[in-house]
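The values are calculated or read from the model by the stated rules, or taken from the named source; none is laboratory data. These numbers come from a predicted model, not from an experiment. For neighbour counting, all protein chains shown are included, and Cβ atoms are generated from backbone atoms with ideal geometry for every residue, glycine included. Just the protein is used for accessible areas: all its heavy atoms, side chains included, with ligands, DNA and RNA removed. Shrake-Rupley method; radii C 1.70, N 1.55, O 1.52, S 1.80 Å.
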Number of protein chains: 2
Amino acid sequence: MSAPGSFVEISALAGDPARALMLHALMDGRALTAGELARVAGITPQTASGHLARLATAGLVTVERQGRHRYHRLAAPSVARMLEAMMQVASELAPPRPVPTGPRDAAMRTARTCYDHLAGRLGVAITDALVSRQFVELAEDAGSVTPGGVAFLADLGIDTVPLSTARTRRVLCRPCLDWSERRPHLAGTLGAAVCARALSAGWVRRIEGSRALSVTRPGEGVFRDAFGIVL
Amino acid sequence: MSAPGSFVEISALAGDPARALMLHALMDGRALTAGELARVAGITPQTASGHLARLATAGLVTVERQGRHRYHRLAAPSVARMLEAMMQVASELAPPRPVPTGPRDAAMRTARTCYDHLAGRLGVAITDALVSRQFVELAEDAGSVTPGGVAFLADLGIDTVPLSTARTRRVLCRPCLDWSERRPHLAGTLGAAVCARALSAGWVRRIEGSRALSVTRPGEGVFRDAFGIVL
DNA sequence: CCGATGTTACGGTTGCCGCCGAAACGTCGC
DNA sequence: GCGACGTTTCGGCGGCAACCGTAACATCGG
């Protein structure tokens with residue numbers, strides 16, 4: 001079969017609460033140190049280091065050393081996709097969600113990163129705008145960009161040409177279920193390009209120590225004028 | 001966050017060798033009894049029953065009783081997608097595969113089901129044929145059907161109209177990495193429709209007690225004439 | 001060269017969980 | 001109704017692994 005050994009190994013690794021929290025934290029696509037991940041998981045640095053060594057041995061995360069720091073990140077986009085799929089099932093299976101939204105969660109629900117693309121109300125709103133104007137088409141588990149969408153995105157500085165093999169119809173996006181909005185937002189190559197552009201152009205800024213994003217004043221203007229979004 | 005409790009619960013459930021084998025067996029989309037799954041996993045029926053009860057409580061599988069049998073199946077397509085994503089990561093992380101192909105595997109490698117769509121050499125060949133004729137376009141994580149593809153598939157009795165919201169461009173397919181061929185095959189709604197048509201039209205037949213499929217004489221003709229495939 | 005910080009290695013304790021044997025329950029065929 | 005079969009429940013055994021002290025290593029700043 002398809003490496004059942006690796007399958008159970010991966011599942012068992014993700015099945016530990018501490019490791020799950022660390023993988024969760026790494027979902028924003030950035031590289032974190034063992035100490036930061038230990039705080040996130042609520043365990044001592046030694047224990048976190050051991051967990052990360054196992055994750056690295058299994059190939060789920062890669063380690064990159066800079067001076068006395070060792071930065072850990074998810075090893076591949078496929079790992080992030082796997083975690084997304086697991087989170088989607090998890091959200092489907094947890095119907096009772098009377099958890100009140102803490103003040104800390106407010107920023108997360110407004111805008112955040114999901115591995116390499118945008119999520120939260122902003123991510124969903126952008127996706128809705130692109131879909132309603134027929135710039136992007138989404139099905140339950142696939143998506144594509146229309147020629148009009150290519151032009152629209154190019155105006156915003158998001159070039160889709162190098163992302164595909166230069167055809168009129170482009171398949172480089174993918175829906176990703178948003179756990180706070182319970183609706184799909186834009187993922188895949190295009191989602192990553194939009195997120196990268198939003199960060200480099202200063203439309204959004206990372207909030208320190210969190211996956212949450214804050215929308216800047218210029219960003220507000222762009223989202224309002226180009227997408228018709230007022231959060 | 002997005003129900004971290006459910007996340008670790010799911011991972012831990014999939015992280016047991018016996019349960020992983022059972023989930024693996026359920027990937028063909030059919031419903032199996034506790035006894036059958038016990039044999040697959042190499043454990044006693046009591047143990048299997050306990051495992052299945054936990055999987056059902058968590059919501060990963062659903063139970064359906066008929067007489068003195070209790071049939072278990074995957075609870076939702078999203079669960080199958082999750083398992084697929086995990087298998088994909090597992091296959092990427094298992095580079096050494098010197099395992100010789102046993103005679104039992106031969107049929108599996110030729111053609112088999114992957115949850116609700118076709119896999120193996122047949123599944124990949126069909127996908128290649130659709131892509132090379134520009135009936136379907138696939139990217140790394142998304143796909144779409146061209147207008148010409150809609151017509152071609154309609155000739156084969158595969159109606160794509162009710163599958164989408166009646167537009168010229170259709171996004172209802174998705175690539176799924178094939179563990180034996182190491183190349184993508186057609187999944188998603190369209191993959192399921194093709195598989196269903198192949199089974200109902202008698203182009204392929206299920207091999208008892210396995211996910212493997214045998215290609216019938218009529219099927220050979222259809223695949224050769226319509227797709228140019230000779231296995 | 002010397003503290004401070006971050007990371008790795010080692011032992012020991014604790015708890016959880018998978019497994020099976022035995023037995024009870026429900027359903028089907030006669 | 002009566003055995004036969006599939007399935008579930010209960011009790012107890014065994015093993016694995018997560019966790020934290022403590023301590024030894026690297027690396028950076030002064």
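Worth pointing out:
- Considering (1) at pLDDT below 90; (2) under 15 Å from the mean Cα position of the chain (by Cα); (3) more than 14 Å from every other protein chain (Cβ to nearest Cβ), the lone condition that A:L177 does not fulfil carries the number (3).
- Within the range A:45-62, the set of residues being near DNA strand C (Cβ under 8 Å from one of its atoms), without any contact (Cβ under 8 Å) to a residue 24 or more places away in the chain and either within 19 Å of B:A90 (Cα to Cα) or among the hydroxyl-bearing types (S, T, Y) (or both) comprises A:S49, A:A53.
- Given (1) open to solvent by 60 Å² or more (accessible area, probe 1.4 Å); (2) within 14 Å of another protein chain (Cβ to nearest Cβ); (3) within 10 Å of DNA strand D (Cβ to nearest atom), number of the condition A:R65 does not satisfy: (2)
- Of A:D28, A:D16, all but one fail to be more than 16 Å from DNA strand D (Cβ to nearest atom) and not assigned by TED's automatic domain parsing to the domain that holds A:A196; the exception is A:D28.
- Failed item, numbered, when B:S11 is tested on (1) under 18 Å from the mean Cα position of the chain (by Cα); (2) modelled with pLDDT of 90 or more; (3) more than 10 Å from DNA strand D (Cβ to nearest atom); (4) surrounded by 22 or more Cβ atoms within 10 Å (Cβ to Cβ): (1)
- Yes/no for A:S210 being part of a loop (DSSP other than H, G, I, E, B) and in contact (Cβ under 8 Å) with a residue 40 or more places away in the chain: yes
- Residues of the range B:125-140 that are part of a helix (DSSP H, G or I), within 27 Å of A:V79 (Cα to Cα) and open to solvent by 30 Å² or more (accessible area, probe 1.4 Å): B:D128, B:V131.
- Verdict on A:A85 being at pLDDT 85 or above and either open to solvent by 30 Å² or more (accessible area, probe 1.4 Å) or within 11 Å of chain B (Cβ to nearest Cβ) (or both): yes
- Test for B:G143: is it under 30 Å from A:P147 (Cβ atoms), open to solvent by less than 10 Å² (accessible area, probe 1.4 Å) and either within 11 Å of another protein chain (Cβ to nearest Cβ) or at pLDDT 90 or above (or both): yes
- Answer from A:P77, A:P100 - the residue that is at pLDDT below 90 and under 30 Å from B:V61 (Cβ atoms): A:P77
- Pick from the range B:210-228, criterion farther than 24 Å from B:S132 by Cα and open to solvent by less than 30 Å² (accessible area, probe 1.4 Å), ranking: modelled with the highest pLDDT: B:T216
- Residues that are open to solvent by 50 Å² or more (accessible area, probe 1.4 Å), away from chain B (no Cβ under 13 Å) and more than 9 Å from DNA strand C (Cβ to nearest atom) within the range A:15-42 comprise A:R30, A:R39, listed in sequence order.
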